[in-house]
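The values are calculated or read from the model by the stated rules, or taken from the named source; none is laboratory data. All values derive from a computational prediction rather than experimental measurement. When we count neighbours, we look across all protein chains shown, and the Cβ atoms used for this are built from the backbone with ideal geometry, even at glycine. Ligands, DNA and RNA are excluded from the accessible area calculation, which covers all protein heavy atoms including side chains. Shrake-Rupley method; radii C 1.70, N 1.55, O 1.52, S 1.80 Å.
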Amino acid sequence: MAHRISRQLQAAINHLGRIEHIYNLGNYIVHHDYQFDQDGNLILLATNEEKNSVEDCIIKVDVDSEEVTELLDLEDLFKSYKESTDHKEGSKWDWMHINTLQYLNDDSVILSSRETSSIIKINDVSTNPSIGYIIGNEDFWKDTDYTKYLYTKDGDFLTSGGQHTVTYMEDDALESGQYYLYMFDNNFGYSKTRKDYDWTVNDGIQTSITEGTTSYYYQYLVDENEGTYTLANSFEVPFSAYVSSAQNLGNHIVVDSGIAGLLSIYDTDGNLEQQFSIKKNDRFIYRIYYYDYKGYYFS
């Protein structure tokens with residue numbers, strides 16, 4: 001298990017909670033999410049402190065040599081888009097705000113960008129990164145250099161807004177090139193660095209932190225053969241403009257509505273089975289996951 005213990009330090013912790021090693025990340029700050037590759041090395045979302053922007057890099061930490069390598073700076077792939085965004089001198093230039101990382105065995109990554117309300121796939125992240133696709137609102141990306149990467153929405157539904165915990169899920173019943181992506185769809189339209197964009201053109205999306213009423217559990221069927229995404233499952237959950245998480249356990253779906261401070265457990269049809277209110281002390285509940293610890297603490 002890896003755990004962040006300071007801005008530039010990541011700790012390896014064994015199953016008893018003992019720190020076995022500490023990795024110094026140098027000028028990188030870890031944020032939001034990390035994964036392991038096939039060799040057990042860490043793939044992490046990071047901010048490069050030597051840059052003028054934040055939360056737009058991916059790094060790799062070799063757990064044996066401790067070498068830190070920058071795999072991707074999103075500015076290299078989205079340079080013209082970044083240059084089109086608003087930025088106040090001296091403030092954090094959070095033009096992408098990547099909040100989720102899914103590393104796949106083919107060396108691709110699936111990213112969730114809160115600032116653009118988009119899901120982005122990057123191919124060959126360790127060798128020659130390139131944009132695989134973007135799942136986002138077509139109206140948001142129009143008049144940019146990136147419309148050619150947009151997957152086509154198949155069906156009548158509202159594309160996710162400000163989504164969190166986008167999770168890759170395979171299914172043996174699907175054809176090759178098809179898979180699911182599920183998420184907590186905050187259904188909140190806001191972009192600090194795109195003040196020119198009017199989110200209210202997306203009928204049904206919430207635009208107020210305090211007056212918003214509805215977020216969703218969303219599950220997309222992504223078809224890389226056809227370049228499409230379909231809404232395979234969805235249901236309403238308590239509203240949370242920011243943070244929050246969803247975890248599909250097969251027969252149950254665990255949802256954290258972080259600003260509301262509610263942990264909700266649903267069946268796959270969206271019927272509420274249990275709900276718990278969490279004392280927040282004026283702080284958001286970022287993510288909640290269920291673990292059974294089989295093979296970890298217990299055999």
Checklist line | Peptide ranges 123-130, 243-250 listed from the most packed, as the mean C-beta count within 10 angstrom indicates | finding: 243-250, 123-130
Notebook entry, point to check: Among all the lysines, which ones have a C-alpha under 22 Å from K148's C-alpha, if same-chain residues fewer than 8 places away are not counted?
Noted result: K79, K82, K121
Margin query: For the chain, set up a GNM with springs between Cα atoms under 10 Å and report which of D37, D185, D73 has the largest fluctuation.
Written below: D37
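Given the alpha-carbon gyration tensor of the range 16-55, what are the semi-axes of its equivalent ellipsoid in whole angstrom, ordered largest first, with each equal to the square root of 5 times an eigenvalue?
Values: eigenvalues 100, 34, 17 Å².
In descending order the semi-axes read 22, 13, 9 Å.
Between the DSSP loop rule and a limit of at most 16 other Cβ atoms within 10 Å, which GluC sites (Glu not before Pro) in the range 61-100 are left?
Details: sites: E66, E67, E70, E75, E83, E89; in loops: E66, E67, E89.
Those satisfying the criteria are E66, E67, E89.
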Notebook entry, point to check: What does the charge count near Y216 come to, summing +1 for each Lys or Arg and -1 for each Asp or Glu among other residues with Cβ under 13 Å from its Cβ?
Noted result: -2
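Counting only protein heavy atoms, what percent of the accessible surface of the range 188-299 is carbon or sulfur at a 1.4 Å probe? Kindly include the intermediate steps, with their values, before the conclusion.
Details: 2980 of 6420 Å².
Taking all protein chains in place, the range 188-299 shows 46 percent carbon and sulfur surface.
Exposed loop trypsin sites (Lys or Arg not before Pro) only (DSSP loop, at most 13 other Cβ atoms within 10 Å): please give the longest stretch of the chain free of them, not including the sites. Could the numbers behind the result be given before it?
Details: sites that count: R7, R18, K51, K88, K142, K195, K279, K280, R283.
Here the longest segment lacking exposed loop sites spans 196-278.
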Note to self: Modelling each spin label as a point 7 Å along the Cα-to-Cβ direction, I'd like the D143/Q38 distance in nm, to one decimal.
What the structure shows: 4.4 nm
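What accessible area per residue comes out for the range 72-184, rounded to a whole number of Å², with a 1.4 Å probe?
On the way: 4780 Å² over 113 residues.
In whole numbers, the range 72-184 has 42 Å² accessible per residue.
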Next item on the list: Mind putting together the pair-distance distribution for the range 193-299? All Cα pairs, 10 Å bins, whole percent per bin, short to long.
Entry: 13, 35, 34, 15, 3, 0
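Report Rg(Cα)/(2.2 N^0.38 Å) for the range 233-281, keeping two decimals.
Numbers: Rg = 10.4 Å, N = 49, 2.2 N^0.38 = 9.7 Å.
That ratio works out to 1.08.
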Margin query: Would you report the distance distribution of C-alpha pairs in the chain as whole percents per 5 angstrom bin, up to the bin with the largest distance?
Written below: 1, 5, 11, 15, 18, 18, 15, 10, 5, 1, 0, 0
Checklist line | Coordinate range along principal axes, alpha carbons of the range 63-137, Å, largest first | finding: 40, 29, 20
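Which GluC sites (Glu not before Pro) in the range 96-194 sit in a loop by DSSP (not H, G, I, E or B) and have at most 14 other Cβ atoms within 10 Å of their own Cβ? Before the final figure, lay out the partial values.
Working: sites: E115, E138, E170, E175; in loops: E115, E170, E175.
For GluC sites (Glu not before Pro) across the range 96-194 that sit outside H, G, I, E and B with at most 14 neighbouring Cβ atoms in 10 Å, the list reads E170, E175.
Seen from all sides and averaged, what is the projected area of the convex hull of the Cα atoms in the range 116-205, in nm²? Kindly include the intermediate steps, with their values, before the conclusion.
On the way: hull surface 29.7 nm².
Mean projected area of the Cα convex hull: 7.4 nm².
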